[in-house]
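Shown next, in structure tokens, is the structure this report addresses.
The values are calculated or read from the model by the stated rules, or taken from the named source; none is laboratory data. The structure presented is a predicted model; accordingly, all values stated were derived computationally and were not measured. Cβ placement follows ideal geometry from the backbone for every residue including glycine, while neighbour counts extend to all protein chains displayed. Surface accessibility is based on the protein's heavy atoms, side chains included, excluding ligands, DNA and RNA. Shrake-Rupley method; radii C 1.70, N 1.55, O 1.52, S 1.80 Å.
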Amino acid sequence: QVQLVQSGGGLVQAGGSLRLSCAASGLKVSKYVMGWFRQSRGKEREFVAVIGWSGGTILYSASAKGRFTVSRDNAMNTAYLQMNSLKPEDTANYYCAARMAANIAITKSGYPYWGQGTQVTVSS
């Protein structure tokens, strides 16, 4: 059974940092595209970042670029989203997702496996 267990969310002041983790079981992150999405209250879930299974292809949303870094640790079978210079508008429930494909995807429909989500709240 595929399971993605997330951790690392919490409350942080503007300008601070958080590192989100996505620990996988039932799949190897080294063989899957790993994506990150977020959903704030009253809004649709939106793309944040993605890393291809080879690690050579990385894509960020405009809001994440320059502040967030997506990575994976194959030995730990875990994907990460390092978030720096956080802003109040980054407040959302963050989800990791996995996709078995050679190419990356930036839409929800492209990911069959999802973590449970973790709340990130950035205060002003």
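Do any residues in the stretch 46-65 that are in a loop (DSSP other than H, G, I, E, B) have Cβ atoms under 6 Å from those of residues that are of a type outside the set (A, V, I, L, M, F, W, C), where the two are at least six apart or on different chains, and which pairs are they?
That search, which allows pairs on different chains as well, returns TRP53/LYS31; TRP53/TYR32.
If we keep just the residues of the stretch 22-41 that are over 25 Å from SER63 (Cβ atoms) and assigned to a loop (DSSP other than H, G, I, E, B), which is most open to solvent (accessible area, probe 1.4 Å)?
Among them, the one singled out is LYS28.
Please find, among ALA75, ALA101, ALA97, ALA79, the residue that is in a loop (DSSP other than H, G, I, E, B) and either surrounded by 18 or more Cβ atoms within 10 Å (Cβ to Cβ) or touching a residue at least 40 places away in the same chain (Cβ under 8 Å) (or both).
ALA101
Give the residue that is surrounded by the fewest Cβ atoms within 10 Å (Cβ to Cβ), with candidates limited to residues of the stretch 104-121 that are in contact with a Leu (Cβ under 7 Å, 6 or more places away or on another chain) and under 16 Å from ARG19 (Cα atoms).
Looking at the filtered set, the residue picked out is THR121.
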